[in-house]
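For reference, the structure is listed below as structure tokens.
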Amino acid sequence: MNLQEKLSQSFKDLGSRLNGSESKSLRELRSRSFDYFKGQGFPTNQDEEWKYTSLNKIVKRDFDFSSQVSSEILAEDIEPFLCEGLDSYKLIFINGVFNKSLSMLGSNEKFFVGSLKQGMKEMPDIINTHFGKLADTKQSLVALNTAMANEGAFVYVKKGVKLDKLVQILFVNTNHEESRMMQTRNLFVLEDFAEAQIFERHQAFNQGHVFSNSVTESSVGNQAHFKHFKLQNDLDSSSMVDSTFVKQGANSSALVDTFAFSGELVRNNLHFEFTGMHAEAHMDAITLLKGKSLVDHHTFVDHAVPHCQSNQLYKGIYDEKSKGVFNGKVMVRKNAQKTNAFQQNNNLLLSDFSSIDTKPQLEIFADDVACSHGCTIGQLDEEALFYMQTRGIPLKEARAFLMFAFAGDTLKNITIPELKTQLINLVARELKVDLELNEVIT
Amino acid sequence: MTEEDKILQEVTTTDYKYGFVTDIDSDTINKGLNEDVIRLISMKKNEPDWLLEWRLDAFRKFQKMTEPEWANVTYDKPDLQSISYYSAPKPKKTLESLDEVDPELLKTFEKLGISLEEQKRLTGVAVDIVVDSVSVATSFKEKLGELGIIFCSISEAIQEHPELVKKYIGSVVPKTDNFYAALNSAVFTDGSFCYIPKGTRCPMELSTYFRINQAGTGQFERTLLIADEGSYVSYLEGCTAPSRDENQLHAAVVELIALDNAEIKYSTVQNWYPGNKEGKGGVFNFVTKRGICHKSAKISWTQVETGSAVTWKYPSCILKGDNSIGEFFSVAVTNNYQQADTGTKMIHVGKNTKSTIISKGISAGKSNGNYRGLVKIMKGAENARNFSQCDSLLMGDQCGSHTFPYIEVKNKSARIEHEATTSKIGEDQLFYCNQRGIGTDEAIGLIVNGYCKDVLNQLPMEFAVEAQKLLSLSLEGSVG
């Protein structure tokens with residue numbers, strides 16, 4: 001049985017397991033989505049959007065769909081993967097199942113932080129209004145997720161409320177031998193004037209292959225402010241396709257900041273759209289790869305409303321046999337006058353075996369706009385390296401500092417000090433930068 | 001209506017000025033595409049067997065190919081069976097001087113402002129005129145002959161220099177490269193051939209004027225240009241086509257070969273009939289242009305594209321030799337319902353190879369302009385360098401501009417810079433000009449000219465004038 005047949009079987013099982021417990025509209029959405037996936041299958045290199053990234057090897061694996069034996073995970077096991085020293089809400093999922101005892105929930109009349117399943121029970125109206133409304137039904141993997149996913153994080157913040165703490169979401173996988181496919185689904189709803197920050201991470205504990213097909217829908221109301229940090233530092237046996245859809249109201253701001261450090265294959269699809277004027281979207285990412293990792297960033301910003309702004313800053317450093325892909329697309333529709341759209345992609349290649357394919361695209365139908373993209377691929381500045389060496393900094397350190405500075409731009413939008421420190425430390429560790437020495441110099 | 005709107009209104013309603021039909025007796029074979037037609041073309045042109053085999057092979061492979069759909073253009077696909085693949089003005093006798101050329105034909109050129117005698121006497125440009133498919137007049141041939149330069153029609157070259165043609169034809173653009181290149185390989189009727197011997201600097205600009213003339217005739221030109229070691233040549237190509245209601249297909253193939261230390265400069269001014277302002281008619285321009293640079297060679301493409309209903313064209317450079325250089329300078333203007341999907345490919349294979357891409361797009365009316373480019377750094381291309389800049393200017397709110405740059409890098413020593421901007425003419429710039437007593441009309445002209453200057457500067461003198469003329473024709477009312 002190939003993966004697609006197994007998924008069909010699994011979809012049937014899911015239907016009988018749920019046994020009509022979900023609303024009729026949701027059931028219909030699921031079966032419609034699954035039919036679409038069945039018709040389309042997994043994307044191949046023949047699709048322009050998947051030209052440089054092949055799922056072929058992954059989907060050929062023998063995935064195991066039998067229900068997993070839940071393994072004993074203790075609080076200290078997961079601690080290293082969370083932001084330390086920070087009072088926060090925690091949502092922990094073990095093998096796709098929500099683990100209440102390890103989590104730190106928050107729920108009152110102002111907001112709700114919990115799992116999607118809980119949300120379906122406790123506030124079905126909100127779920128029905130937002131679930132599946134943003135996700136593109138014409139992408140086969142998103143359709144597959146819509147059909148099969150029934151667990152993930154759910155954060156709901158009411159009008160005018162500022163969520164007091166960071167929400168940390170951790171998806172843990174513990175499979176040893178067999179290959180597992182995960183369908184996780186997050187829903188974040190911020191009403192007008194609300195504020196929230198989220199930190200998301202997927203982590204495997206053992207060397208079994210994991211293929212996560214994750215979809216996130218974020219609905220950001222008028223004048224609301226939303227930040228979403230993603231840390232992708234999984235084992236090299238794990239791969240992930242992450243599709244994130246963000247809809248922003250007037251005067252709102254949203255940030256998706258991605259830190260991609262490893263993984264067999266990581267594909268990030270970011271989709272931004274605006275419903276009101278003067279909204280601001282920011283996409284930052286830093287990719288530091290080694291080994292045979294492949295990270296593919298696809299962004300799509302749809303400017304259909306005037307006076308909006310989007311900023312993309314993608315930095316990448318590629319070593320050993322790693323491969324990077326960037327495909328940024330900005331669409332400015334006919335009425336979206338006064339749009340400001342910027343896109344920047346800078347890359348460093350460190351090894352003869354690393355490669356980068358980049359394609360920054362602009363599609364513009366309005367005349368009164370300022371749109372630009374810039375893309376560079378190069379090496380470290382020889383003169384800067386020389387200067388540092390004349391000042392007694394060894395070449396190795398000098399290189400590390402320059403790379404650290406190169407990558408550092410993408411950290412500027414992080415406002416939570418503990419989170420920033422942790423991410424800086426991570427970047428420094430990846431680049432082998434001695435932060436103490438750095439401080440002495442600067 | 002503001003001043004600016006008026007100008008845009010004028011721009012978008014201007015008719016094509018070069019539309020006229022010349023009545024010349026033509027020798028046209030029946031419409032349709034099959035092996036017999038290819039045999040007939042080959043026979044009429046008295047071609048050697050290897051070329052017929054080559055054509056037939058291309059045709060057989062062509063039949064297995066499908067028309068590409070990836071370009072961001074929409075059009076009704078031309079019916080390849082309803083095209084006549086051979087049309088030549090009936091040869092009355094061998095022509096030795098201009099007096100013998102069909103007077104009707106000469107009139108056509110006069111209307112286009114290309115007086116052969118003028119060109120011969122004043123500008124020193126050797127003109128190999130191609131009307132439809134067969135060249136009827138070649139000038140300055142003897143003068144070039146003294147230097148050993150061969151500049152003739154490709155059919156002549158097939159007869160007289162078969163060894164050169166056989167060696168290089170299809171070596172840069174393989175016959176199965178793409179759908180239209182394969183079609184061209186199967187049915188090409190004529191085109192230009194040029195060979196510059198070792199160490200020779202061609203003393204004049206070589207130029208060919210193309211015109212599509214015969215109604216319902218597809219034109220399949222084949223240009224082959226070989227610059228031998230250490231030589232230099234500047235080649236100009238320009239075209240205007242008469243007004244027609246049915247779409248005409250133009251699928252040319254241009255192959256450039258720059259051997260060690262050679263330099264080729266290839267300039268194009270393209271002004272095929274773009275269709276009327278409702279978007280009806282117009283030429284389909286599906287061209288494959290590619291050059292290969294050997295050691296320390298240089299190929300420079302310059303193009304000013306103002307015509308055609310649909311343009312689908314990517315002049316490319318394969319930088320095979322170490323230290324070779326590729327350049328691409330382009331101005332693409334689209335107006336009314338025109339669509340252009342154009343750009344370049346720079347394939348870096350050799351060490352220390354350099355490439356520069358400057359692309360300026362101007363979209364007006366209801367047109368769509370696309371830049372689609374590829375910069376590819378292969379694994380062995382140490383210290384490759386690329387700089388790309390693609391800017392788009394939008395005039396009016398009903399046009400579109402799109403940028404699709406592909407950058408693929410497999411070598412760590414590569415340095416690539418790519419930047420693109422899209423904007424309209426700044427109100428502050430216009431205001432400044434107005435305030436200095438320059439009318440909005442002239443100001444737009446000034447700004448557009450300045451915007452395209454980087455590219456227009458690359459054109460040889462004679463062409464720069466014509467290019468500016470075409471720019472102002474295409475954007476009439478907005479270019480001073």
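None of the figures in this text is laboratory data; all of them are computed from the coordinates on show. In this text, all values refer to a predicted model and were calculated from it rather than measured experimentally. Virtual Cβ from ideal backbone geometry, glycine too; neighbours counted across all protein chains shown.
Structural remarks
- Once the Cα atoms are used to define both axes, helix A:3-18 deviates from the longest principal axis of chain A by about 50 degrees.
- Comparing mean-square fluctuations of A:Gly328, A:Gly152, A:Gly85 from a GNM of chain A with C-alpha springs under 10 Å, the top value falls on A:Gly85.
- Cα radius of gyration and Dmax for segment A:231-307 (Å): 14.5, 44
- The ranking of B:Leu147, B:Leu456, A:Leu74 by Cβ neighbour count inside 10 Å, starting from the fewest, reads A:Leu74, B:Leu147, B:Leu456.
- Summing +1 for each Lys or Arg and -1 for each Asp or Glu among the other residues whose beta-carbon sits under 15 angstrom from that of B:Leu33 gives +3.
- Semi-axis lengths, Å, the protein assembly as shown, gyration tensor of Cα atoms, sqrt of 5 times eigenvalues: 57, 29, 28
- Residues whose amide H comes within less than 5 Å of that of B:Lys345, counting only those at least five positions distant or on another chain, are B:Ser316, B:Cys317, B:Leu374 (H built at 1.01 Å from N in the peptide plane).
- Summed side-chain charge close to A:Ala279 - residues other than A:Ala279 whose Cβ falls under 14 Å, Lys, Arg +1, Asp, Glu -1: -2
- Here A:Phe65, B:Phe59 are placed in order of increasing Cβ neighbour count within 10 Å, fewest first, which gives A:Phe65, B:Phe59.
- Rounded to 10°, Cα long-axis angle of helix A:24-40 versus longest principal axis of chain A: 60
- Cβ neighbours within 10 Å from other chains - mean over A:370-381: 6
- Pairs with C-alpha atoms separated by more than 28 Å, drawn from the list A:Lys12/A:Lys60; A:Lys38/B:Lys379; A:Lys315/B:Lys410; B:Lys175/B:Lys298; B:Lys265/B:Lys366; B:Lys295/B:Lys410, are A:Lys38/B:Lys379; B:Lys265/B:Lys366.
- Along chain A, longest interval not containing exposed GluC sites (Glu not before Pro), exposed being DSSP loop plus at most 12 other Cβ atoms within 10 Å: A:178-442
- Here, segment B:365-455 is characterised by an Rg to Rh ratio of 1.14, where Rg is the alpha-carbon radius of gyration and Rh the Kirkwood radius.
- Segment B:138-208 and segment A:407-423 have Cα centres separated by 61 Å.
- For the segment A:132-144, counting C-beta atoms of other chains within 10 Å of every residue's C-beta and taking the mean gives 0.
- Shielding score for A:348-355, defined as the mean number of other chain Cβ atoms within 10 Å: 4
- Shape call, segment A:77-191: gyration tensor on alpha carbons, a/c limit 1.5: oblate
- Treating each Cα of chain A as one equal point scatterer and applying the Debye formula with no solvent, the log10 of I(q)/I(0) at q = 0.09, 0.11, 0.14 Å⁻¹ comes out as -0.57, -0.87, -1.45.
- Sorting A:Thr390, B:Thr356, B:Thr288 by the number of Cβ atoms found within 10 Å of their own Cβ, with the fewest placed first, yields A:Thr390, B:Thr356, B:Thr288.
- Net +/- balance of residues flanking A:Gln4 in space, Cβ distance below 14 Å, scoring K and R +1, D and E -1: +2
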